[in-house]
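Novice: Take a look at this one; I'll ask things after.
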Amino acid sequence: CSPVYLGGSASPYGIGTNISKRTCDQLRCTACDFRVSLFNDYIWDQSCDYLFFRNNMPELSKLRAKMIKKKGARAYACQCSWRSIDELTDLQTDQQLRWVCGKH
């Protein structure tokens, strides 16, 4: 993917390009070396913190404790970072995330 896009649940998955703006579903974190999980129609609770993800990734049953249902959104997380996204967003606009396309 180039550029890499994140997006809400209405955004289709696939290889993202400038012409075909699709959200990457093969994200990997270069900081914690974890695959980024994504959950359609959910956002993360504001009380989420680093230790919550460090201790609970990738156990969906444990992560649900801090997931809030929100139609059209998508919750992303690895072991060290997390985001709730509503609309198509270029990953380069968030300098704190160390996520890259893990190849399709």
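Novice: How large, in percent, is the carbon and sulfur part of the accessible surface of the stretch 5-101 at a probe radius of 1.4 Å?
Specialist: Values: 2650 of 5530 Å².
So the carbon and sulfur contribution to the accessible surface is 48 percent.
Novice: Helix-only estimate, please: 222 nm mean residue ellipticity of the chain, summing -39500 (n - 2.57) across DSSP H runs of length 4 or more and dividing by its residues, to the nearest 500.
Specialist: -2000 deg cm²/dmol
Novice: Let me ask something else about it. Ignoring ligands, DNA and RNA, what accessible area per residue does the chain give at 1.4 Å, in Å²?
Specialist: Value returned for the chain: 58 Å² of accessible area per residue.
Novice: Can you classify the stretch 5-101 as rounded, prolate or oblate using the Cα gyration tensor, where a ≥ b ≥ c are the square roots of its eigenvalues, rounded means a/c under 1.5, and otherwise it's prolate if a/b beats b/c and oblate if not?
Specialist: oblate
Novice: OK, next. Would you pull out the residues with amide H under 5 Å of D25's amide H, same chain only if 5 or more places away, H placed 1.01 Å from N?
Specialist: G14
The values are calculated or read from the model by the stated rules, or taken from the named source; none is laboratory data. These numbers were taken from a predicted model, which means no experiment stands behind them. Side chains included, ligands, DNA and RNA excluded: accessible areas come from the protein's heavy atoms. Shrake-Rupley method; radii C 1.70, N 1.55, O 1.52, S 1.80 Å.
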